[in-house]
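Written below as structure tokens is the structure these notes are about.
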Amino acid sequence: MTDSYLPKDFLWGFATASYQIEGAPQQDGRAESIWDTFCRIPGKIAGGTNGDVACDSYNRTAEDIELLKKTGAKSYRFSLSWSRIIPLGGRDDPVNEKGIQHYVKFVDDLRAAGIEPLITLFHWDLPENLDKRYGGLLNKVEFSKDFENYARVCFKAFGDRVKLWITFNEPWCSAVLGYSIGQFAPGHTSDRSKSAVGDSSTEPWIAGHAMLIAHGAAVKAYRDDFKAKDGGQIGITLNGDWAVPWDENDPKDVEAANRKIEFAISWFGDAIYFGKYPDSMRKQLGSRLPEWTPEEIALVKGSNDFYGMNHYCANYVRHKETEPDINDHAGNLDILYQNKEGVWIGPETQSPWLRPNPEGFRKLIKWLSDRYGGPTFYVTENGTSVKGESQLSLKDLLDDEFRCEYFRGYIGALADAHTKDGVDVRGYSAWSLMDNFEWAEGYETRFGVTYVDYEGGQKRHPKKSAKEIGQIFDKYIKKE
Ligand code: GCO
């Protein structure tokens with residue numbers, strides 16, 4: 001029996017994202033998002049796939065709610081498709097009532113099933129029209145006004161029944177993978193061999209700044225006009241892995257590990273909690289990192305009611321002796337999976353970047369809690385793929401002991417962080433309720449606690465982890 005526990009009323013459940021599960025790209029007036037167009041670029045997505053059908057969740061909401069109910073989940077984090085709600089995206093463009101009605105019904109059905117909805121406003125699927133119209137995230141003035149308007153439309157439509165709002169999901173991914181590496185929509189990259197578009201020495205930083213301002217504007221709108229009446233909370237979800245020095249005895253690696261977290265997380269976290277960018281970033285990037293105006297600081301500083309934390313794994317970090325490249329976005333370091341002694345950070349999964357290391361979860365949430373003055377945390381994603389899962393027979397893949405072990409380790413580490421380190425954590429959403437469109441990795445990589453048979457009429461088969469995760473939480477959540 002463990003001494004560690006999670007608080008009573010702890011809100012645990014699952015997370016998904018609109019483009020990864022909904023399909024139905026043309027139904028009920030939805031227009032295209034940048035992910036629809038990006039998927040058509042040859043070579044961008046494994047297997048040449050896209051989200052046109054995905055899990056067909058747009059047409060299977062009742063089935064998805066049944067799945068949730070079976071697990072005993074208390075909450076469900078999902079994202080709204082901006083392109084369904086305001087198909088052309090902008091503040092002067094028409095609102096699509098059918099899109100709104102779809103989500104109103106979904107939220108009502110969730111609540112009727114006793115499941116608390118957590119809404120993400122932006123999980124990367126920007127309306128394509130805004131990218132065309134003014135360059136999307138690269139135009140902070142237009143983008144933040146349009147995002148604020150979209151957020152207001154959503155607060156008005158769902159605010160009376162939704163108490164937890166997330167503005168952006170992992171802005172790091174949109175900025176770096178979308179505007180530097182070119183692995184995500186809209187696919188800008190400095191790599192000439194990948195038909196470069198854009199200038200990745202500046203664009204990720206510009207996009208990041210725009211998302212921060214848009215986040216601030218949406219939070220201000222919520223606090224000014226909705227919060228008192230609706231009584232909800234609003235925050236941002238940041239991603240980030242724990243970083244361990246490649247050589248614990250080399251002060252330069254120790255510093256690089258810290259710098260890695262600053263470039264990946266504090267880029268946004270420091271802006272929101274301190275109204276500035278980390279010194280390590282300013283030092284490396286100089287004026288390529290946008291300057292803050294006093295109005296922007298006023299908007300962004302203090303703009304989190306809670307910290308949404310996505311977390312999957314840990315890495316080793318080794319400093320580089322050479323000067324940073326102009327396109328470097330990581331903090332001039334190498335990310336490795338083995339340390340100086342050849343020790344692996346964790347076992348292999350199907351995702352090249354993901355090696356589980358539950359201790360790293362506890363360390364990172366403590367690191368964040370210390371740095372940001374003990375905010376309330378909601379863990380908004382945590383989960384794993386399983387090496388070779390797609391190749392297994394149905395019977396074998398449903399027995400996903402590897403994923404169960406992942407959840408045991410990570411949820412245990414979270415309970416330790418709460419009990420022994422005093423971290424204020426109130427919720428946890430596992431990634432993911434079901435297998436889905438894993439962005440550039442297509443459908444081969446599966447993160448679900450439910451197997452989705454894409455060829456077999458989209459049938460959903462709960463894996464062992466779907467049944468077990470509730471028992472794990474049951475062990476930790478205080479009864480009174
Ligand atoms: C994320 C993503 C998910 C991914 C998951 C697994 O926010 O990183 O929300 O969309 O599918 O992280 O890679």
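Things to note:
- Of all residues making up region 292-308, the number that are without any contact (Cβ under 8 Å) to a residue 24 or more places away in the chain and either within 15 Å of Y277 (Cα to Cα) or under 24 Å from the mean Cα position of the chain (by Cα) (or both): 5
- Verdict on S429 being within 13 Å of the ligand (Cβ to nearest atom), part of a loop (DSSP other than H, G, I, E, B), of a type in the set (S, T, Y) and within 30 Å of V53 (Cβ to Cβ): no
- Looking only at region 402-426, residues that are within 16 Å of the ligand (Cβ to nearest atom) and within 15 Å of V379 (Cβ to Cβ) come to 3 in all.
- Restricting the first member to region 163-177 and to residues that are more than 22 Å from R111 (Cβ to Cβ) and within 11 Å of the ligand (Cβ to nearest atom), and the second to residues that are among the polar types (S, T, N, Q) and part of a helix (DSSP H, G or I), the beta-carbon pairs closer than 8 Å and six or more apart or on different chains are F168/S174.
- Among the residues of region 349-382, those identified as in a loop (DSSP other than H, G, I, E, B) and away from the ligand (no atom under 15 Å from the Cβ) are N357, Y372, G373, G374, P375, T376.
- Top-ranked residue of region 219-247 - restricted to ones that are within 16 Å of the ligand (Cβ to nearest atom) and crowded, with 22+ Cβ neighbours inside 10 Å, ranked as nearest to F155 (Cα to Cα): G235
- Pick from region 426-477, criterion in contact with a strand residue (DSSP E or B) (Cβ under 7 Å, 6 or more places away or on another chain) and surrounded by fewer than 16 Cβ atoms within 10 Å (Cβ to Cβ), ranking: farthest from L397 (Cα to Cα): K459
- Subset of region 309-324 that is more than 16 Å from the ligand (Cβ to nearest atom) and within 26 Å of the chain's Cα centre (by Cα) - its residue that is surrounded by the fewest Cβ atoms within 10 Å (Cβ to Cβ): R318
- Failed item, numbered, when V423 is tested on (1) in a loop (DSSP other than H, G, I, E, B); (2) among the β-branched types (V, I, T); (3) in contact with an Asp or Glu (Cβ under 7 Å, 6 or more places away or on another chain): (3)
- Test for L126: is it touching a helix residue (DSSP H, G or I) at 6+ places or on another chain (Cβ under 7 Å) and more than 24 Å from Q27 (Cβ to Cβ): no
- Residue in region 383-401 that is farthest from the ligand (Cβ to nearest atom), counting only those that are touching a residue at least 60 places away in the same chain (Cβ under 8 Å) and buried (at least 22 other Cβ atoms within 10 Å of the Cβ): D400
- Screening V300 with (1) β-branched (V, I, T); (2) closer than 26 Å to G409 by Cβ; (3) surrounded by 22 or more Cβ atoms within 10 Å (Cβ to Cβ) gives one miss only, at (2).
- Filtering region 130-169 to residues that are among the charged types (D, E, K, R) and buried (at least 23 other Cβ atoms within 10 Å of the Cβ) leaves only D146.
- Odd one out for K132, checked against (1) touching a residue at least 24 places away in the same chain (Cβ under 8 Å); (2) assigned to a helix (DSSP H, G or I); (3) of a type outside the set (A, V, I, L, M, F, W, C); (4) farther than 30 Å from E468 by Cβ: (1)
FYI, it's all coordinate maths here, none of it is from the lab. Just so we're clear, the structure is a prediction, and the values are computed from it rather than from any experiment. As a convention, Cβ positions derive from the backbone with ideal geometry for all residues, glycine included, and neighbour counts pool all protein chains shown.
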